[in-house]
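The values are calculated or read from the model by the stated rules, or taken from the named source; none is laboratory data. Note that the structure is predicted; figures quoted are calculated from it, not measured. Using ideal geometry, Cβ is built from the backbone for each residue, glycine included, and neighbour counts are taken over all protein chains shown. Side chains are part of the model used for accessible areas, which takes the heavy atoms of the whole protein and leaves out ligands, DNA and RNA. Shrake-Rupley method; radii C 1.70, N 1.55, O 1.52, S 1.80 Å.
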Amino acid sequence: MHTRIAIATLIGLLAADISAAQERIPWDPNCSPVHGALRATWSAERFSAMIYEVRPDGTLRPHMEARFTDSAVFERSLGSERNRWIASRREGWSAWDRFGPKYSGCKLATKDGGNTGSGRRYTAKWYGFPYKADAELWLSPDAKIVSKLLRRYSGTRWEFPFPNALLVFNLDPASALEPPGIAPPD
């Protein structure tokens, strides 16, 4: 019985790798502004991010909070009763995923004419093996950083326990204070 389960699991993993390999995404030059803004956002020395569930009625439910310092990430699940902080090492961000670029099919949806200060909004396809989603990204008015990112996962494979996730970035260094009593990782 255990052998059959192991073989089924292996076949499932191989099928996922084969289907992803068939879906290699070419570099899209239209995504350069998106990748540049994401690189700048994720490379900030100190910032925080909130992940929200976007409910069908459009309301937001807080799901996770993360604080990024120069060397650590402090995360906590806001939906958990324990609501404890977990510390891990901070890793660099890359525009590339396992099978190609993280974003493709980028299209400028709106461009602020300078009156509202809302910046630019892009639509794109996001890939983060084994997940993929339709994405909307809101860039700062100077188009140098990402202020928020919406992912709409299709099908049944979601990165979170819900199909629509909104990530909101706060690049104010004060938002990334280390939680009291939690030591950064060695």
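Count, please, the residues in region 44-76 that happen to be modelled with pLDDT of 95 or more, surrounded by fewer than 17 Cβ atoms within 10 Å (Cβ to Cβ) and polar (S, T, N, Q).
Of the residues in region 44-76, 1 are modelled with pLDDT of 95 or more, surrounded by fewer than 17 Cβ atoms within 10 Å (Cβ to Cβ) and polar (S, T, N, Q).
Of all residues in region 18-43, which are modelled with pLDDT under 85, assigned to a helix (DSSP H, G or I) and open to solvent by less than 50 Å² (accessible area, probe 1.4 Å)?
Ala20, Ala21
Name every residue in region 44-63 that is within 23 Å of Trp85 (Cβ to Cβ) and of a type in the set (Gly, Ala, Ser), in order of residue number.
Ala44, Ser48, Ala49
Among the numbered conditions (1) within 12 Å of the chain's Cα centre (by Cα); (2) more than 24 Å from Cys31 (Cβ to Cβ), tell me where Pro161 comes up short.
(1)
Would you mind finding the one in Pro130, Pro141 that is within 25 Å of Phe47 (Cα to Cα), touching a residue at least 24 places away in the same chain (Cβ under 8 Å) and out of contact with any strand residue (DSSP E or B) (no Cβ under 6 Å at 6 or more places or on another chain)?
Pro141
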